Amino acid sequence: MTVQALIPAAGAGLRNGESSANVLLSVNGRSAIGLTLKAFDRCDEITGITLMVSQRNLLAVTHELETMTWQKPIEVMLGGQTRQDSVRLGLESLQQSPPDYVLVHDGARPLVSDRLIHDGLETAREHGAATACVPVNHTYKHVNGQGFVENTIERSNLVQVQTPQVFRYDWILEAHEKAVRERIVVEDDAELIEKLGRPVKIFAGSYRNLKISTPDDARMVEALAADPVCA
Amino acid sequence: VSQTAAVVLAAGAGRRLGSATGKAFVPVEGKPMVAWSLEAFDASPDVDTILLVVPPSDRRLATSLKARKLHAIADGGETRHDSEFNGLEALAADIEAGDIARLLIHDAARPFVDLALVQRLLEALAEHPGAIPALPATARLVSRSTDGLLRGFVDGGWAVQTPQAFRAGPLLEAHRKARADGFRGSDTASVLERTGQTVAVLQGNPDTFKITTPVDLLRAQVVARRRSSPPSRKG
């Protein structure tokens with residue numbers, strides 16, 4: 001069984017007010033993206049890695065990768081305007097020799113563990129599509145255009161989505177091609193599969209598996225790396 | 001004179017943080033989590049008095065807390081909603097007499113209070129019965145079906161924070177009505193919302209996040225250290 005890790009790390013961020021996932025913030029002297037790639041490079045269940053970066057980050061990322069040693073082939077390619085575009089370009093680059101499964105993971109989540117990768121693959125093998133999620137601990141509301149509370153969102157069944165997300169290659173490629181034809185815009189890949197009517201099975205994510213957006217997050221990853229039992 | 005009271009809810013369990021005491025008494029950078037909020041309200045010119053709600057088992061710990069404006073301690077209940085109700089009932093006489101006109105309801109699990117925001121929340125009460133801080137959700141939210149499948153993404157959610165500010169009379173009344181109806185809210189504003197009253201939303205502060213898990217506790221350390229270090233030029 002072949003599994004390609006697909007790492008969107010274009011991370012321009014702050015487009016349309018979305019929070020910036022900063023793959024170049026320094027964590028213990030390494031960039032976040034270097035640490036994320038290491039996690040997949042050392043995992044036996046991953047066949048190869050494809051990394052999608054922005055033009056702006058290309059030199060910095062390439063330089064970072066050259067200072068480290070790797071066991072697996074790492075393809076570095078230019079991503080698109082959005083995360084969705086980047087993942088689609090990554091998927092299309094694999095069409096010559098398609099893998100059985102694709103694992104999509106945010107470049108700015110360096111604390112992905114072997115356990116998360118393994119559980120994602122196991123779940124996808126059984127269900128075709130899988131995403132990591134963690135329970136929600138907060139109250140969320142909808143706010144109207146005038147700045148007033150519209151309603152409190154029922155939270156008993158609410159979870160928040162993380163990566164890794166693992167898919168049958170044929171499913172996720174088909175979903176992305178359909179999205180282009182029908183101009184469907186989504187924030188993540190599990191949403192795209194769900195929109196096309198296929199089931200996406202949830203597996204347990206981890207609060208450790210945070211996404212680096214701010215300098216505080218980078219300090220958090222350093223603290224968590226030094227404290228392997230904190231979860 | 002009509003005053004502003006801060007009700008600090010410190011009755012949550014510490015189990016998830018591996019603590020035998022209540023969560024509010026777990027140390028954050030060398031002092032009990034709840035002490036951070038008490039110090040903040042002590043320093044706020046907008047707050048006149050503080051009521052602390054703690055589990056009966058933490059009463060002894062609570063009496064050792066030093067806060068100039070801390071005037072009363074009430075017993076926590078089974079849920080956050082119940083603790084809040086107990087706090088309001090402890091202040092009911094002052095609210096009904098008109099001595100307390102405004103309430104700030106705050107979770108002790110949020111140690112880093114933004115006092116400039118507190119001022120804006122209280123100012124908003126001139127126009128509206130309730131005002132709360134919130135931030136657009138940074139995480140993608142989705143419902144989970146009973147068989148563990150994704151079922152419907154939730155767009156445009158805002159993560160609400162505390163302190164939440166209210167006109168005291170309407171909140172007490174709404175809480176009593178909730179009790180009569182058997183309603184329990186996951187936050188304070190939901191109690192007012194169900195009576196059809198408007199709640200204004202103000203931009204929150206990321207530092208005022210809630211501590212639930214050990215990972216959050218670690219973040220509190222990171223934030224406390226950043227806030228106590230001199231501001232750097234590079235931001």
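The values are calculated or read from the model by the stated rules, or taken from the named source; none is laboratory data. This structure is a prediction, so every number in the text was calculated from the model and none was measured. As a convention, Cβ positions derive from the backbone with ideal geometry for all residues, glycine included, and neighbour counts pool all protein chains shown.
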Response to the item:
Residues in segment B:186-195 that are under 16 Å from B:Asp107 (Cβ atoms), at pLDDT 95 or above and touching a strand residue (DSSP E or B) at 6+ places or on another chain (Cβ under 8 Å) total 4
Item to complete: Show the residue pairs that are 6+ apart or on different chains and have beta-carbon atoms under 7 Å apart, the first residue being within segment A:207-229 and over 19 Å from A:Gln162 (Cα atoms), the second being outside any helix (DSSP H, G or I).
Response: A:Pro215/A:Leu25; A:Glu222/A:Val27; A:Glu222/A:Asn28
Worksheet item: In segment B:110-187, which strands (runs of 3 or more DSSP E) lie fully inside it and hold 1 or more residues that are under 30 Å from B:Lys31 (Cβ atoms) and either within 13 Å of the chain's Cα centre (by Cα) or facing chain A (nearest Cβ under 7 Å) (or both)?
Response: B:130-136, B:157-160, B:164-167
Fill in: Verdict on A:Tyr169 being at the interface with chain B (Cβ under 7 Å from one of its Cβ atoms), of a type in the set (Phe, Trp, Tyr) and crowded, with 16+ Cβ neighbours inside 10 Å
no
Worksheet item: Scanning for something assigned to a loop (DSSP other than H, G, I, E, B), closer than 27 Å to B:Gly14 by Cβ and not hydrophobic (A, V, I, L, M, F, W, C), does segment B:188-204 turn up at least one residue?
Response: yes
Worksheet item: Looking at segment B:117-160, which of the residues that are among the charged types (D, E, K, R) and touching a residue at least 60 places away in the same chain (Cβ under 8 Å) is nearest to A:Glu150 (Cα to Cα)?
Response: B:Glu127
Worksheet item: Counting only residues that are part of a loop (DSSP other than H, G, I, E, B) and surrounded by fewer than 22 Cβ atoms within 10 Å (Cβ to Cβ), which one in segment A:1-21 is modelled with the highest pLDDT?
Response: A:Thr2
Practice prompt. Would you be able to tell me the number of residues in segment A:161-190 that are closer than 17 Å to A:His127 by Cβ, outside any strand (DSSP E or B) and not acidic (Asp, Glu)?
Written response: 5
Discussion item. So the check is Cβ under 9 Å with 6+ separation or different chains; which pairs have a first residue in segment A:139-159 that's without any contact (Cβ under 8 Å) to a residue 12 or more places away in the chain and closer than 17 Å to B:Arg80 by Cα and a second one that's surrounded by 16 or more Cβ atoms within 10 Å (Cβ to Cβ) and of a type outside the set (A, V, I, L, M, F, W, C)?
Written reply: A:Glu154/B:Ser143
Worksheet, complete the sentence: Filtering segment B:76-87 down to residues that are buried (at least 16 other Cβ atoms within 10 Å of the Cβ) and not aromatic (Phe, Trp, Tyr) yields B:Gly76, B:Gly77, B:Arg80, B:His81, B:Asp82, B:Ser83, B:Glu84, B:Asn86, B:Gly87
Worksheet item: Considering segment A:178-199 alone, what residues qualify as being in contact (Cβ under 8 Å) with a residue 24 or more places away in the chain and farther than 22 Å from A:Asp119 by Cβ?
Response: A:Ala179, A:Val180, A:Val185, A:Val186, A:Glu187
Worksheet item: So which residues in segment B:11-25 are farther than 14 Å from B:Ser57 by Cα and either of a type in the set (Ser, Thr, Tyr) or surrounded by 14 or more Cβ atoms within 10 Å (Cβ to Cβ) (or both), if there are any at all?
Response: B:Arg16, B:Leu17
Worksheet item: Picking from A:Ile193, A:Ile202, which residue would you name as being in a helix (DSSP H, G or I), facing chain B (nearest Cβ under 9 Å), over 13 Å from B:Arg140 (Cα atoms) and at pLDDT 95 or above?
Response: A:Ile193
Practice prompt. Kindly establish whether A:Leu196 is among the aliphatic types (A, V, I, L, M) and over 16 Å from the mean Cα position of the chain (by Cα).
Written response: yes
Worksheet item: Mind checking whether some residue in segment A:204-216 is surrounded by 18 or more Cβ atoms within 10 Å (Cβ to Cβ) and over 25 Å from A:Tyr140 (Cα atoms)?
Response: no
Response to the item:
Only one of A:Val200, A:Val185 is surrounded by fewer than 15 Cβ atoms within 10 Å (Cβ to Cβ) and farther than 29 Å from B:Asn205 by Cα, namely A:Val185
Item to complete: Name the one entry in B:Ala97, B:Ala126, B:Ala90, B:Ala108 that is buried (at least 20 other Cβ atoms within 10 Å of the Cβ) and over 21 Å from A:Ala132 (Cα atoms).
Response: B:Ala108
Practice prompt. Just name the residue that is farthest from the other protein chains (Cβ to nearest Cβ) out of those in segment A:143-160 that are of a type outside the set (Ser, Thr, Tyr) and part of a loop (DSSP other than H, G, I, E, B).
Written response: A:Gly145
Discussion item. Return the residues of segment A:106-142 that are surrounded by fewer than 22 Cβ atoms within 10 Å (Cβ to Cβ), within 13 Å of chain B (Cβ to nearest Cβ) and charged (D, E, K, R); say none if nothing qualifies.
Written reply: A:Asp119, A:Glu126
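Condition check ((1) among the charged types (D, E, K, R); (2) surrounded by fewer than 23 Cβ atoms within 10 Å (Cβ to Cβ)) across all residues:
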| position | (1), (2) |
| --- | --- |
| A:Ile33 | no, no |
| A:Thr62 | no, yes |
| A:Gly79 | no, no |
| A:Glu92 | yes, yes |
Worksheet item: Restricting attention to segment A:205-231, which residues are within 8 Å of chain B (Cβ to nearest Cβ), small (Gly, Ala, Ser) and not in a helix (DSSP H, G or I)?
Response: A:Ser213, A:Ala231
Fill in: For B:Val54: the one exception among (1) without any contact (Cβ under 8 Å) to a residue 60 or more places away in the chain; (2) more than 14 Å from the chain's Cα centre (by Cα)
(2)
Practice prompt. Only residues in segment B:200-225 that are free of Cβ contacts under 8 Å to residues at least 12 places away in the same chain count as the first member; pair them with residues that are part of a helix (DSSP H, G or I), Cβ under 6 angstrom, at least 6 apart or cross-chain, and list the lot.
Written response: B:Leu218/A:Ala223; B:Arg219/A:Met220; B:Val222/A:Asp216; B:Val222/A:Arg219; B:Val222/A:Met220
